[in-house]
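The values are calculated or read from the model by the stated rules, or taken from the named source; none is laboratory data. Predicted model only: the values in this text are computed from it and were never measured. For neighbour counting, all protein chains shown are included, and Cβ atoms are generated from backbone atoms with ideal geometry for every residue, glycine included.
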Amino acid sequence: MVKILRQFGTFIISTVKDMTKKERAEENYRKKFDEFGLSDRFEFIRREWSADHDRRFWSRCKTCGAEFLSYNEVFRGRQKHLICPQCGTTSDGGVIWERSPSCDDAMAFYVQGHSVRETAERFGVTKEQINNSVKVRGLTNGRMFKPDASDASRLIEYSKKAQEETKERLINRLDSLGFEYLGGYEDGRVKIQCKACKDVFERTSDFAKRGKVICRKCEHERTLIHQEERRKRQKIDSAKKQEKKKAEKLAKNPLGLSDYQLSRMALLDDVHVCKVCGKEYTLRQYIESVKSKYYRDSGYCSAECRHKANSRNVHKSRKRRHVPENHRQRARVNGCAYDASVTLPKLIKRNGLRCAICGEMCNLNDHTWNQYMGPMSPTIDHIIPMAKGGGHTWDNVQIAHAICNSYKSDSIEEGT
């Protein structure tokens, strides 16, 4: 049973992963369609995808079977009900009589000479609905009278006039918002051009009349400018915060001491003894005398004692024995023979590059230690060290690695 459940869960996960973005969006629309209770009167067909990425969907009226395209204003809470444009059926079970095609048929029947009662009985509606429709279409101007056949042309002229007035209001509204009308009102898709960036795009006539018209290109540029201003403000705010922290830190630490120096402040009152004069002193007294900010014991009570100690150290260093730096000086110090013709290039020419201590070949291009030599570089090795009486002569020299010569040191044989 557990194995079957795991396989079923794996199948569900793989199926969800395989769903494309459009399928997930359409499934989301279908769920919302059921959540808002639209499935009682209408049937969801599919979501509409267009170049403008309009959020619309197709649905079918269960009353008259008409398929129509609608925006998702119901899902956003901007529209209360979904309305069928063919029969005027709403999602709550009502009917919008003024928007239904049967209302046009009733008005055409009415202007042929029939009374309000006859029209209401013929189309199965109330007299109030007929009267309201007649008033809205300007057939009676608020008074009940028996129309004749000429009212049919009056109805057509009124519809054309109302459409032209609506179109003119739309053009004036677009002009006030900074857009230019290019056409398409009769087809339901208004073509608009932005006066600022000259970008041309389309909107539905209902959206252009009621909704907020926005140029996406200009809005994108304004968004970029807003983001840049926001980054500048954040940068200024960050700099102000850093300055504030720096000021607070400076108020706590006026001398600008490091964390180590602050930790040493606890030792300011410890008693120390001067190495020169033997006087007892504290670190606080020494800092005040030399005007230093370093909280560290130097071993001296004052700057004078420190200078005396430094001069003594210099005098001692001058008295140290001079260490020879080359073979000539070593021969003179050790009192051994020295032949100036013994050089490394001549010794390499005589003996080659094989080390006499380890038997491996030397490397002239080894510069691991510095620019002159490395551990595998060839050097002059004295068979009997100069420190033990061996001279710098041709019969007492051989080739050796620098590292092998160093390990041999002043021994006669390697490792001894």
Checklist entry - How many residues are more than 40 Å from the chain's Cα centre (by Cα), modelled with pLDDT of 80 or more and either in a helix (DSSP H, G or I) or surrounded by 10 or more Cβ atoms within 10 Å (Cβ to Cβ) (or both) when one looks only at segment 242-276? => result 6
Next on the checklist: Looking at segment 222-241, can you tell me whether even one residue there is modelled with pLDDT of 85 or more, touching a strand residue (DSSP E or B) at 6+ places or on another chain (Cβ under 9 Å), at negative phi and in a helix (DSSP H, G or I)?
Outcome noted: no
Next on the checklist: Can you find a residue that is within 30 Å of Ala303 (Cβ to Cβ), touching a residue at least 12 places away in the same chain (Cβ under 8 Å), out of contact with any helix residue (DSSP H, G or I) (no Cβ under 8 Å at 6 or more places or on another chain) and of a type outside the set (Gly, Ala, Ser) anywhere in segment 265-276?
Outcome noted: yes
Item to check | Those residues of segment 199-214 which are modelled with pLDDT of 80 or more and touching a helix residue (DSSP H, G or I) at 6+ places or on another chain (Cβ under 6 Å), in sequence order | outcome: Asp199
Next on the checklist: Checking the condition modelled with pLDDT of 80 or more and surrounded by fewer than 14 Cβ atoms within 10 Å (Cβ to Cβ), which residue from Glu73, Glu27 passes?
Outcome noted: Glu27
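Here is a yes/no grid of residues against (1) within 60 Å of the chain's Cα centre (by Cα); (2) without any contact (Cβ under 8 Å) to a residue 60 or more places away in the chain; (3) at positive phi:
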site: Val342; (1), (2), (3): no, yes, no
site: Asn351; (1), (2), (3): no, yes, no
site: Arg354; (1), (2), (3): no, yes, no
site: Asn363; (1), (2), (3): yes, yes, no
site: Ser377; (1), (2), (3): yes, yes, no
site: Ile383; (1), (2), (3): no, yes, no
site: His392; (1), (2), (3): no, no, no
site: Ser406; (1), (2), (3): yes, yes, no
site: Asp410; (1), (2), (3): no, yes, no
Checklist entry - If you take the residues in segment 117-154 that are assigned to a loop (DSSP other than H, G, I, E, B) and of a type in the set (A, V, I, L, M), which one is modelled with the highest pLDDT? => result Val125
Item to check | Residue list for segment 176-188, restricted to those being without any contact (Cβ under 8 Å) to a residue 24 or more places away in the chain and either in the same structural domain as Tyr71 (by TED's automatic domain parsing) or surrounded by 15 or more Cβ atoms within 10 Å (Cβ to Cβ) (or both) | outcome: Tyr181, Gly184, Tyr185
Checklist outcome for this item: When segment 327-355 is checked residue by residue, the ones that are out of contact with any helix residue (DSSP H, G or I) (no Cβ under 9 Å at 6 or more places or on another chain), exposed (fewer than 11 other Cβ atoms within 10 Å of the Cβ) and part of a loop (DSSP other than H, G, I, E, B) are Gly335
Checklist entry - What number of residues within segment 357-408 satisfy the criterion of being part of a loop (DSSP other than H, G, I, E, B), of a type in the set (Ser, Thr, Tyr) and surrounded by fewer than 14 Cβ atoms within 10 Å (Cβ to Cβ)? => result 2
Item to check | Hits in segment 174-206 - residues which are under 20 Å from Gln163 (Cα atoms), out of contact with any Phe, Trp or Tyr (no Cβ under 6 Å at 6 or more places or on another chain), of a type outside the set (Lys, Arg) and assigned to a strand (DSSP E or B) | outcome: Glu180, Tyr181, Leu182, Gly183, Val190, Glu202, Thr204
